[in-house]
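**Q** Here it is: the structure, laid out below.
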């Protein structure tokens, strides 16, 4: 059996579908209010901040995927994320379960350097420090040999359905609502974005590849690294109309942070939008040459079709 911890977000749902398609029908869905993704899923509602619940959630599983997300709140992240992960690590050790840790890039330097699996952590901000702590917890277990684990790391998301990201919020949600697109900080810096179903497909593949464990893997992307200007120009072609945008400078976010707690939580993420953000997936592509990453053109077409179907 394979268990998905935090299974009812976009990554977890797509992961459940991919596991069912290509690896196993014996899947347990775990979240606070767990819901089936596939008809054959087992569901287990649990608060993983309670150690005993984490142990029970993982019991009997060969592989556990940690895809759990929390609202973007520094206080919440500091109080809960390391505690939940520690409970899951202990649960996996007790049950003899492999751990697949789905990670992000918050802890990386926010500058122009090419980001590889060897890039040193230089967290900027409270949430980035939490993500560094969590990644280091998993790395420590890998190095100790007490737990079979693997880290799957993804850059910023874009995608269909429940996908939550700055790109989805400021670009695709505004297109859907016939509003002017907003671009944070700069429109002419190169971006690395991952299509969320690709992130889940690649995570399932790594989790079911025994020799992938004990390592960190950057998940696969479309390597064209467009600027937001180029990304919106491509979207304009696909939507068949000129999509206008405006660049939102940092000072506007800083003012907004005084009045909107959600904007305040975004401030520490903004420096990366002032630089080229280049995420290197070469290691994955060499190991899994048959994996076909979704192109930006394909992804935008899917989002457009999804939006049109809901009109």
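What follows is calculated from the coordinates using simple rules that are stated; it is not laboratory data. Model, not experiment: these values are computed from the prediction. Cβ atoms come from the backbone with ideal geometry, glycine included; neighbour counts cover every protein chain shown.
**Q** Which whole number in µm²/s is D for the range 103-189 by Stokes-Einstein, with the Kirkwood Rh taken over Cα pairs at 10 °C and 1.306 mPa s? Before the final figure, lay out each step's value.
**A** Working: Rh = 15.3 Å.
Diffusion coefficient, whole number: 103 µm²/s.
**Q** Right, here's the next one. Hey, any idea what the orientation-averaged projected area of the convex hull of the range 205-266's Cα atoms comes to, in nm²?
**A** Values: hull surface 31.8 nm².
Here the figure is 8.0 nm², rounded to one decimal.
**Q** By average Cβ neighbour count within 10 Å, what is the ranking of 98-108, 136-146, 82-92 from highest down? Show your work: numbers first, answer last.
**A** Working: 98-108: 22.5, 136-146: 14.2, 82-92: 20.6.
Going by the mean number of other Cβ atoms within 10 Å, highest first, we get 98-108, 82-92, 136-146.
**Q** Cut-off 10 angstrom, C-alpha nodes, Gaussian network model of the chain. Which of 184, 261, 160 fluctuates the most?
**A** Result: 261 has the largest fluctuation of those listed.
**Q** A further question on this structure: Please arrange 217, 251, 195 by how many other C-beta atoms lie within 10 Å of their C-beta, fewest to most.
**A** On the way: 217 24, 251 8, 195 28.
Fewest-to-most ranking of 217, 251, 195: 251, 217, 195.
**Q** Given q = 0.18 Å⁻¹, what are the Debye log10 I(q)/I(0) values for the range 160-256, with equal point scatterers placed on the Cα positions and solvent ignored?
**A** Listed by q, the Debye log ratios stand at -0.92.
**Q** Mind grabbing the base-10 log of I(q)/I(0) for the range 1-121 at q = 0.09, 0.10, 0.14, 0.17 Å⁻¹? Debye formula, identical points on the C-alpha positions, no solvent, two decimal places.
**A** -0.26, -0.32, -0.61, -0.85
**Q** Let me have the 222 nm mean residue ellipticity of the chain computed from DSSP H runs of 4+ only, each contributing -39500 (n - 2.57), with the sum over all residues rounded to the nearest 500. All intermediate terms of the calculation are to be shown ahead of the outcome.
**A** Working: 11 runs with 126 residues, N = 311.
It lands at -12500 deg cm²/dmol.
**Q** Computed over the Cα atoms, what is the radius of gyration of the range 151-193 divided by 2.2 N^0.38 Å, N being its residue count?
**A** Details: Rg = 11.6 Å, N = 43, 2.2 N^0.38 = 9.2 Å.
Expressed relative to 2.2 N^0.38 Å, the Cα Rg reads 1.26.
**Q** Oh, and also: Provide, in order from the shortest bin, the percent of all Cα-Cα pairs of the range 183-311 in each 10 Å bin, continuing until the bin that contains the maximum pair distance.
**A** With 10 Å bins starting at 0, P(r) equals 11, 31, 33, 21, 4.
**Q** OK, next. What distance in nm separates the two pseudo spin-label positions at residue 211 and residue 78, each 7 Å out from Cα along the beta-carbon direction?
**A** Roughly 4.4 nm, to one decimal.
**Q** In addition: By what distance, in whole Å, do the Cα atoms of the range 174-226 stretch along each of the three principal axes, largest value first?
**A** Result, largest extent first: 47, 24, 16 Å.
**Q** Modelling each spin label as a point 7 Å along the Cα-to-Cβ direction, I'd like the residue 126/residue 112 distance in nm, to one decimal.
**A** Using points 7 Å along Cα→Cβ, the separation is 3.3 nm.
**Q** Give me P(r) over the range 250-311, computed from all C-alpha to C-alpha distances, binned every 5 Å, as integer percentages.
**A** P(r) for the range 250-311, in whole percents per bin: 4, 13, 11, 10, 12, 17, 20, 9, 4, 1.
**Q** Going by average Cβ neighbours within 10 Å, how do the peptides 219-230, 279-290 rank, with the highest at the top? Display every interim value, and only then the final one.
**A** Numbers: 219-230: 19.0, 279-290: 15.5.
Order by mean packing, descending: 219-230, 279-290.
**Q** If you restrict to DSSP beta bridges whose two residues both lie in the chain, what percentage is antiparallel, to the nearest 5?
**A** Roughly 5 percent of the beta bridges in the chain run antiparallel, per DSSP.
**Q** Place a point 7 Å from Cα of residue 180 in the direction of its Cβ. Which residues in the range 234-252 have their backbone N less than 15 Å from it?
**A** Residues passing the 15 Å test: 243-249, 252.
**Q** Between the helical axis of 126-144 and the dominant principal axis of the chain, each derived from Cα atoms, what acute angle in degrees is found, rounded to the nearest 10?
**A** It works out to around 40 degrees.
**Q** Ranking request for peptides 148-154, 25-31: highest mean number of other beta-carbon atoms within 10 Å first, then the rest in descending order. Before the final figure, lay out each step's value.
**A** On the way: 148-154: 23.4, 25-31: 21.6.
Listed from highest to lowest mean packing, they are 148-154, 25-31.
**Q** Using a Förster distance of 35 Å, how high is the FRET efficiency between residue 26 and residue 274, based on the Cβ-Cβ distance and rounded to 0.05?
**A** Working: r = 46 Å, r/R0 = 1.33.
Once rounded, the FRET efficiency stands at 0.15.
**Q** Averaging over every viewing direction, what projected area does the convex hull of the Cα atoms of the chain cover, in nm²? It would help to have the intermediate numbers written out before the result.
**A** Values: hull surface 61.9 nm².
Averaging across all directions leaves 15.5 nm² for the Cα convex hull.
**Q** Run the paramagnetic zone check for residue 70: 7 angstrom along Cα to Cβ, then residues of the range 82-126 with backbone nitrogen under 20 Å.
**A** Answer for this model: 82-92, 100-108, 122-126.
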